[in-house]
Amino acid sequence: MTETTRDKAISLELPKVDWLDRNLNPDKFFKDLSYALSEFGFMVLTNAPGLSDEFQQRAFREVRGFFDSPMELKKTAHISNTPYFRGYSLPTPADRGFGQVIEAFQYGFEQEPLCDYDDKTQPIHRRLFRGPNTWPDSGSIPGFKPLIDELNDCYHRLTHELGEAIVESLGEDVTSFREYFDFDNPDLAASLNHNYGLDAFAEKDQENVRQEYKKFESNNVGAHIDGPPFMALLINDRPGLQVVAGEGQWIDAPVTCRTAPGNYDVPVIPGSVIVNTGGTLMHLSEGRYSATLHRVNTTLIPEGETRVSMPYFLLPKMEGDLVPFGKLEADSMGAAGYESGRDRGANASVNRMGTFPQVTRRWWADEYSEMRQKQRDEVEAETQAALKLAKERGERFKKQSERDNSEA
C-alpha cells in the first residue's frame, strides 16, 4: 500500500449501524443496514446486545490470560487431541518472511458426536462438526471456560437476531432464515485468535512483510472471503483488520475494546461488534449483499504488542440445496459463483481441514486428499464473484464521488 492509499485507508471508515435503532427508529436501522452490507459487506454494529465494554474488557482479560499461560498448560487443550477441530493451535512459524504469526483456540457448543468420526457411511460434516470442546486444565485459569460459554451464548443469540433483520432488510420473509439456521441445533465455527506483531519476525524478514502488505493483491498475507458462513461477528482489541471497500482500496476496521493505553490510527468504538457477510449470504441474497475481501495486516499491530480477536461464524444446515431467498428453486450457478446444490458440508469440512493441518494429518488425511481440489475450485469461483461485485461497488463509489465533486 502506498502512502497515498494508506492515507485513504485512515480517512475511510466502515459504516455504523446502531442496534438501538432496531426499535427506536426502524426505518433508519434498515436503511443503514442495507447500505452497509450492499456497499461495503462490512459494518460496525454499535450498542451490540450482550457485548458491552464491561463484558468485552472481561472477555479479553480472560482470553489474554489463556494465551499468556505457559505452553505446557495450553497444550493440554491441543486441537489435535480429537478429530473435531476444537482446542488450541500453536503459533504459526515466522520464518517465511511474510504473513502472520498466530495462535488460536477453536470452540463451539458442547455437543455429542452424531456418529464415529471414521464412519464413512455418514456424510463428512456429521462426522466432523459435532463433538465436545477440548478445554485446558482449569486449575490455573478457572474463569476461562465460563467466559467462553457466556460469549458463545451471547454471539449465538445476536447472530440469529441480526440474521433475521438482514433477511428482513432484503425484503424477504424472515422464516426463510430459520429454514437454514436452526437456533437449537446449530453448526458453527468460533475462534479466539492471538496475532503477533511485526517484531515476531526476524529483522531480516520484516521488510519482506512490509512489502507484501503494501501490495493491493498478494497471495502471501491471508486476504480472503469467508465462504461457508452466513455472516461473521468479531470483537478485537488492537488494530489490524482491513477490508476492501470504496474504489477498491484497503480500509481499516475499528477496535471494539481498548485494553491498553496508547493512540491508534483507527477508531475505538466500545461496546460494538464488527459484522461481515459470508459467501452463504452472498449466495442467498443473489449478490445483493456481497462477501468482502479482508485480512489482518500484521504491520498495523502496535510495536511490542499483540492483537486478540474473537470471530464467530454461523453455518447453514448442511443438507439439501441452498436456494436463494424468495426463490422456489435454485439455478445451478447463482449470481455469486455458488453452486446451489453443492455439498456444502464437505466444503465447510475441507475448509477446516486446510486451516488446521495438524488435525488433518492425524484424523482426516484421506478425506482431505480426496476433496481438497473441489473445495479449492469452489473457493476460487466464490472469490472471483465477490471481486466482480466489489468492482461494481467501486464503480458506484467512483461515479458518486465524481457527482459530489461536480456539485461542490
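Taken along the Cα-to-beta-carbon direction at a fixed 7 Å, the label points for Gln122 and Lys398 span 5.2 nm.
Given a 1.4 Å probe, how much area per residue of the stretch 342-408 is accessible, in Å²?
Numbers: 4020 Å² over 67 residues.
Heavy-atom SASA per residue in the stretch 342-408 reads 60 Å².
Straight-distance candidates among the aspartates and glutamates for linking to Lys399, with alpha-carbon spacing under 13 Å and chain neighbours fewer than 8 residues away dropped: Glu247, Glu407.
Carbon and sulfur together cover what percent of the accessible area of the stretch 172-318 at a 1.4 Å probe radius? Each step should come with its number before you reach the end.
On the way: 2180 of 4880 Å².
Taking all protein chains in place, the stretch 172-318 shows 45 percent carbon and sulfur surface.
Divide the volume of the convex hull around the Cα atoms of the stretch 48-135 by the residue count and you get 165 Å³ per residue.
When the Cα centres of the stretch 35-63 and the stretch 67-86 are compared, how far apart do they sit, in Å? When both Cα centres are located, 27 Å separates them. Scanning the chain for DSSP H helices at least 24 Å long along the axis (C-alpha atoms) with a Kyte-Doolittle mean no lower than -1.0 picks out 144-169.
For the stretch 168-309, how big is the tail of P(r) above 27 Å, as a whole percent of Cα pairs? Result: 30 percent of Cα pairs exceed 27 Å. With the charge dipole of the stretch 196-262 set up from +1 on Lys and Arg Cβ and -1 on Asp and Glu Cβ about the Cα centre, the Cα lying farthest toward the positive end among the listed residues Leu234, Cys257, Ser218 is that of Cys257.
At q = 0.26 Å⁻¹ the log10 of I(q)/I(0) for the stretch 96-188 amounts to -1.24, computed by Debye summation with a single uniform scatterer per C-alpha, solvent ignored.
I'd like to check one number: the per residue accessible area of the stretch 69-201, probe 1.4 Å, reported in Å² as a whole number.
41 Å²
Using a cut-off of 24 Å between Cα atoms, the listed pairs Lys75/Lys215; Lys120/Lys317; Lys75/Lys317; Lys214/Lys391 include Lys75/Lys215; Lys75/Lys317 as exceeding that distance. Applying both filters, DSSP loop and at most 13 other Cβ atoms within 10 Å, to the trypsin sites (Lys or Arg not before Pro) of the stretch 102-204 gives Lys120.
Taking square-rooted eigenvalues a ≥ b ≥ c of the alpha carbon gyration tensor, is the chain rounded, prolate or oblate, where a/c under 1.5 means rounded and, failing that, a/b exceeding b/c means prolate?
Cα axes put the chain in the rounded bin.
Taking 29 Å as the straight-line reach from the Cα of Lys74, the lysines in range (excluding those fewer than 8 positions away in the same chain) are Lys145. All Cα-Cα distances of the stretch 1-159, cut into 10 Å bins from zero to the largest, leave 9, 23, 27, 28, 12, 1 percent in each bin in turn.
If the limit is 30 Å between Cα atoms, which of Lys31/Lys374; Lys327/Lys374; Lys16/Lys374; Lys31/Lys398; Lys374/Lys398 go over it? Write down the numbers at each step before the final one.
On the way: Lys31/Lys374 38 Å; Lys327/Lys374 26 Å; Lys16/Lys374 37 Å; Lys31/Lys398 21 Å; Lys374/Lys398 36 Å.
With Cα atoms farther than 30 Å apart: Lys31/Lys374; Lys16/Lys374; Lys374/Lys398.
Between the stretch 279-303 and the stretch 113-148, what is the separation of their alpha carbon centroids in Å? So the separation of the two Cα centres works out to 27 Å.
The values are calculated or read from the model by the stated rules, or taken from the named source; none is laboratory data. Note that the structure is predicted; figures quoted are calculated from it, not measured. Every residue, glycine among them, receives a Cβ derived from its backbone with ideal geometry; neighbour counts consider all protein chains shown. For accessibility, only protein heavy atoms count, side chains too; no ligands or nucleic acids. Shrake-Rupley method; radii C 1.70, N 1.55, O 1.52, S 1.80 Å.
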